[in-house]
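Undergrad: My questions will all concern the structure given below.
Throughout, read-outs are computed from the coordinates displayed, never taken from laboratory work. Nothing here was measured: the structure is a model prediction, and the numbers come from that model. No Cβ is skipped: glycine too gets one built from the backbone with ideal geometry, and neighbour counts run over all protein chains shown.
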Protein chains: 2
Amino acid sequence: MAQEKNTEEQIIEAARKIFVKRGLDGARMQDIADEAGINKAMLHYYYRSKDKLFEIVFAEAFSKVVTPLGHILEGSKPIEEKIKELIDHYITGISQVPYLPIFIFSEVNQRPEIMIKRLNSQPSFGSVMNFMKEVIEAGKNGKIKEVSPIQLFLNIVALCIFPFVARPLIQGIFQQDNIQFDMMIEERKKMVADVILAWLKP
Amino acid sequence: MAQEKNTEEQIIEAARKIFVKRGLDGARMQDIADEAGINKAMLHYYYRSKDKLFEIVFAEAFSKVVTPLGHILEGSKPIEEKIKELIDHYITGISQVPYLPIFIFSEVNQRPEIMIKRLNSQPSFGSVMNFMKEVIEAGKNGKIKEVSPIQLFLNIVALCIFPFVARPLIQGIFQQDNIQFDMMIEERKKMVADVILAWLKP
DNA sequence: CCTTTGATTAACCAAATGGTTAAATCGGAT
DNA sequence: ATCCGATTTAACCATTTGGTTAATCAAAGG
């Protein structure tokens, strides 16, 4: 199945695939071993326990989904530009790993504790706070409507991520195949910015 | 724990609590029995198997979250009114069962098949299709901007539901306690309508 | 060629888990 | 009081599952 790479990485790849698909509780160590094409004992030889292995996979996934939000462009571009770029980049980024958001939300929901330390060790949120100050200031200056920066942030993330979280339902309700779904996502890169900016018009 | 009601309902309540919290894979029949204050064999006596029990709990949850979307107000009110009411009613409704959305999405994601027959036997989506025609017509008449009705629908649902799906993360990032979170949700009833209607302004 | 050392495997183990069963208990009808 | 069906329980069972162990393999170094 997997080719002749070093075993550690083979295992992580297999674990990622199985954990993301089935969740911590649903994943079987045997399935991970099969996916990696190795003996089950190797998993413990390299990573001690199921929990340790999951921890690594989850940390990586969390980082991929949450960290980009902490990287809101600094610089001095006008706030509308920043929002446009954030939305475009974020949707593009999530499109590369479309199954991670629901995986994250689901696991965090069942075990909120696994996220707490990770948030503390996530220094990149300084720039989010910075972005929020900008929002407030731009509101006072009349450049945009005065809105709660948290609600603005939430709205952006909701519009970007939700389609991936609800993907099977959406495709079921609207009878979309994967190509149609991807086209719809592509359309959203511009549309979500339209929605947000129309709302922010002073 | 649970009082002297009839056993069937006691079991369903307990099963609901455990399944929604831990998911199908994470839930233990023994935990459900303990929660209901009865012997584990009773679960099988009344509901045969874990899967059968889960099926009932899931169907009910699915109905609570998805069906209201099919009940988009008919009548002849202007489309803006309908949108406002849908948003207000839907956020209010989900607030009563805030843990159901992530439960639904998570389980549907792991087992898409459990949703398919349920969608077919969900006739109430006729009114959604009707609503979509209205959107198109209102667009052509210049009453609102011309937008994809699917994207409109998605945006509304995303803005209403996402906060509940991402709740632990949101509270972690923004250091919100439950009261602040609830206040934020309350604020959104009006705000989400503002966002959507600003976007739809012709 | 032999030894050493890390990598790999088959076999095994104990605990957990969904499910079953046979006996006991309860409650109403006769 | 007794019978009878429905309900409830304790004990049990087979399978699954995460994890361990002792033996084997293979490559490097001497």
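Undergrad: So how tilted is helix B:178-200 from the main axis of chain B? Cα-based, degrees 0 to 90, rounded to 10.
TA: 30 degrees
Undergrad: Given the rule -39500 (n - 2.57) for each run of at least 4 DSSP H residues, summed and divided by the residues of chain A, what is its mean residue ellipticity at 222 nm, to the nearest 500 deg cm²/dmol?
TA: -25000 deg cm²/dmol
Undergrad: Taking every pair of Cα atoms in the protein assembly as shown, average 1/r, invert it to obtain the Kirkwood radius, and report Rg/Rh to two decimals.
TA: Radius of gyration relative to Kirkwood radius: 0.98.
Undergrad: Would you mind checking the tilt of helix A:100-110 against the longest principal axis of the Cα atoms of chain A, expressed as 0 to 90 degrees and rounded to 10?
TA: That helix lies at roughly 80 degrees to the long axis.
Undergrad: I need the semi-axes of the equivalent ellipsoid of segment B:1-83: take the C-alpha gyration tensor, multiply each eigenvalue by 5, square-root it, list largest first in whole angstrom.
TA: Here the semi-axes work out to 35, 13, 11 Å.
Undergrad: Take every residue in peptide B:169-180, count the Cβ atoms of other chains within 10 Å of its Cβ, and give the average of those counts.
TA: So the per-residue partner count for this stretch is 4.
Undergrad: Mind listing which GluC sites (Glu not before Pro) in segment B:131-163 are in a DSSP loop and have 15 or fewer other Cβ atoms within 10 Å?
TA: B:146
Undergrad: Please compute, over every Cα-Cα pair in segment B:46-135, the percentage with a separation greater than 17 angstrom. All intermediate terms of the calculation are to be shown ahead of the outcome.
TA: Working: 2249 of 4005 pairs.
Percentage above 17 Å: 56.
Undergrad: In the structure displayed, which of A:143/A:190; A:17/B:64; A:52/B:64; B:117/B:189; A:21/A:50 lie more than 25 Å apart, Cα to Cα?
TA: Pairs exceeding the cut-off: A:17/B:64; A:52/B:64; B:117/B:189.
Undergrad: Give me the mean projected area, in nm² to one decimal, of the convex hull enclosing the Cα positions of chain B.
TA: 13.3 nm²
Undergrad: Separate question: Copy-to-copy spacing for residue A:34, label 7 Å out on the Cα-to-C-beta vector, in nm, shortest first?
TA: 3.1
Undergrad: Under a plain spin-label model, where a point goes 7 Å from the Cα along Cα-to-Cβ, how far apart in nm are residue A:74 and residue A:7?
TA: For residue A:74 paired with residue A:7, the spin-label model returns 4.4 nm.
Undergrad: Based on the mean of other beta carbon atoms within 10 Å per residue, what is the order of B:73-85, A:53-65, most packed first?
TA: Ranked by mean Cβ neighbours within 10 Å, highest first: A:53-65, B:73-85.
Undergrad: For peptide B:149-158, how many partner chain Cβ atoms fall within 10 Å of a residue's Cβ, on average?
TA: Taking the mean over all residues of the peptide, I get 6.
Undergrad: Further question on the same structure: Over chain B, what is the mean sequence separation of C-alpha contacts under 8 Å (at least six apart), divided by residue count, expressed as relative contact order in percent?
TA: 21 percent
Undergrad: On to the next question. Most exposed first by the Cβ proxy, i.e. fewest other Cβ within 10 Å, how do B:182, A:177 rank?
TA: Ascending number of Cβ neighbours within 10 Å: A:177, B:182.
Undergrad: Same structure, new question: Got the residue B:80 label distances to the other copies yet, label 7 Å along Cα→Cβ, in nm, shortest first?
TA: Copy-to-copy label distances at residue B:80, shortest first: 2.2 nm.
Undergrad: Something else now. Roughly how tilted is helix A:7-26, in degrees to the nearest 10 and between 0 and 90, from the longest Cα axis of chain A?
TA: So the inclination is approximately 70 degrees.
Undergrad: Efficiency by 1/(1 + (r/R0)^6): what FRET value for residue A:29 and residue B:130, r their Cβ-Cβ distance, R0 = 35 Å, to the nearest 0.05?
TA: Computed FRET efficiency for residue A:29 and residue B:130 comes out at 0.10.
Undergrad: Let me ask something additional. Can you list the HN-Hα couplings for segment A:147-152, worked out from phi with the Karplus curve (6.51, -1.76, 1.60; θ = phi - 60°), rounded to whole Hz and with x for Gly and Pro?
TA: Coupling constants for segment A:147-152: 9, 5, x, 5, 5, 4 Hz.
Undergrad: Across the residues of A:104-116, average count of Cβ atoms on other protein chains within 10 Å?
TA: 5
Undergrad: Say each of residue B:41 and residue A:56 gets a label point 7 Å from the Cα, pointing the same way as Cα to Cβ; how far apart are those two points in nm?
TA: The answer from the label model is 4.6 nm.
Undergrad: Same structure again: Given label points at 7 Å from Cα along Cα→Cβ, what nm distances, shortest first, separate residue A:52 from the same residue in every other copy?
TA: From this label point to the equivalent ones elsewhere in the assembly: 4.3 nm.
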